[in-house]
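These notes are about the structure you will find just below.
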Amino acid sequence: MSPRILMGTALAVSAAFAPMAMAKEVKVAIIQSLTGSPAFIGRGIADGAVMAIEEINAKGLAGEGVTIRYTLDDDAGDRGQALGLIGRRAADSETIAIIGPTTGAIAPAAAAAANDLGILAYMQSNNDAVPLAGPWSFPFSQPAGIATPPIADYAAEKRGVQNCAVITVLDNEAYVAMANVFMERVREHGVKAQLDGVKLSDIDFSALAVKVAQSDADCLFIATPAALGANVIMQFKQAGLDPEVQIFGLQSLASPEFLNTGGSAVEGVTVIGEWTPGGFDEPSRAFAEAYKTRHGVEADNWVPQGYSTMMVFADALRRAGPDATREELRDALAGIKDVPVIVGQGVYNFTPERAATFGMGILTVKDGSFVRPEDL
């Protein structure tokens, strides 16, 4: 064989393998509640995250030649199981970050574990304990002080409520915190507010229902998980709650589970939500269409959050570089600025205290679906 042919063959082989040499695969561990009581949140977050990873890899959004490979684990909403999974994934030197876990109840322990193990954990919870645990733990969701005021302002300014009965679950710190923020905010508008509590395990709210129905409250605010909140509303109406009482709730109610459980009883309920059904701009509308084509159903409030979580993560990964260490990726995530997302008002940032900010939407149940209120 001539030297020219040999050289040509060598160049061809070099060109064929050059892209592979430049490629870099980054491994992340998605740990969510795919079963158990928080599964209505965890499954949506996981679905959205996987859709985002596929798009990130296809479009090179994590950097030229960089792709994300993932593992998907179910913590079943169990603290011990979540901590065990965090420990196992942190011990894998190839895993650069953890996306999860799902719930606020697990978040403080999970955040402490991530900081002890030195691995980035980007979790759904808005629990203030997440950033306070140390530099390795980040909340995707907005804390109560950022997320809740919009619904309080709307209730007082747009709907003119005067006296709110507030119902929350006393055995979950995140719900209690959001209920307290709502009460503090409406009181700033001169609105009265009284708190009553239930437990996550409760199913009979008849005594509380009679108490509220016989009060002079013209507003009911629900700070509970979706199915529990729907049951509270149904039992309150069965106890004779005045149909003129306006009902509001947290983003936890912005879920198909709330609509399916409550049926006609939740018609007219107004909530805050990270996601505007159908989308609010071109990227979010494209996502909504793609998700419906893929799954045959509309995206709920949680799927877009999982998708947006991974898009924020990809932005940090792109800036950190393909060979980033865990520490470098952690610092890049802390430094994100104005990342486009499909939730809230469309732009994601962290405060200096690593609290997430991206805004909220106001949604009302109309004909069995969440829509934007006509007075906004």
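The values are calculated or read from the model by the stated rules, or taken from the named source; none is laboratory data. In this text, all values refer to a predicted model and were calculated from it rather than measured experimentally. Counting neighbours? That spans all protein chains shown, and the Cβs are built from the backbone with ideal geometry, glycine included.
Is it the case that segment 236-256 has a residue that's part of a helix (DSSP H, G or I) and at positive phi?
Scanning segment 236-256, I find no residue that is part of a helix (DSSP H, G or I) and at positive phi, so the answer is no.
The residue list D171, D153 contains one member that is modelled with pLDDT of 95 or more and charged (D, E, K, R), which is D153.
Does any residue of segment 334-350 turn out to be farther than 19 Å from E55 by Cβ, modelled with pLDDT of 95 or more and aromatic (F, W, Y)? The answer is yes; a qualifying residue exists.
When you scan segment 209-243, how many residues do you find that are among the β-branched types (V, I, T), crowded, with 18+ Cβ neighbours inside 10 Å and over 16 Å from V271 (Cβ atoms)? First the steps, then the outcome.
Applying the first criterion (among the β-branched types (V, I, T)) to segment 209-243 yields 210, 212, 222, 224, 232-233.
From what is left, the residues that are crowded, with 18+ Cβ neighbours inside 10 Å are 212, 222, 224, 232-233.
Applying the additional criterion that residues be over 16 Å from V271 (Cβ atoms) yields 212.
Residues in segment 209-243 being among the β-branched types (V, I, T), crowded, with 18+ Cβ neighbours inside 10 Å and over 16 Å from V271 (Cβ atoms): 1 in total.
Only one of the numbered conditions (1) free of Cβ contacts under 8 Å to residues at least 60 places away in the same chain; (2) of a type outside the set (D, E); (3) crowded, with 18+ Cβ neighbours inside 10 Å; (4) closer than 13 Å to S369 by Cα is not met by G278, and that is (3).
Checked across segment 309-319, the condition of being surrounded by fewer than 17 Cβ atoms within 10 Å (Cβ to Cβ), in contact with a strand residue (DSSP E or B) (Cβ under 9 Å, 6 or more places away or on another chain) and not in a loop (DSSP other than H, G, I, E, B) holds for no residue. Of the candidates G80, G87, G118, the single residue that is modelled with pLDDT of 95 or more, assigned by TED's automatic domain parsing to the domain that holds L317 and closer than 23 Å to A174 by Cα is G80.
In segment 64-76, how many are assigned to a loop (DSSP other than H, G, I, E, B) and at pLDDT 95 or above?
Step one: filter segment 64-76 for residues assigned to a loop (DSSP other than H, G, I, E, B), giving 64-65, 75-76.
If we keep only those that are at pLDDT 95 or above too, we end up with 75-76.
Number satisfying all stated conditions: 2.
Restricting attention to segment 20-46 and to residues that are of a type outside the set (V, I, T) and in a strand (DSSP E or B), the residue that is modelled with the lowest pLDDT turns out to be K24.
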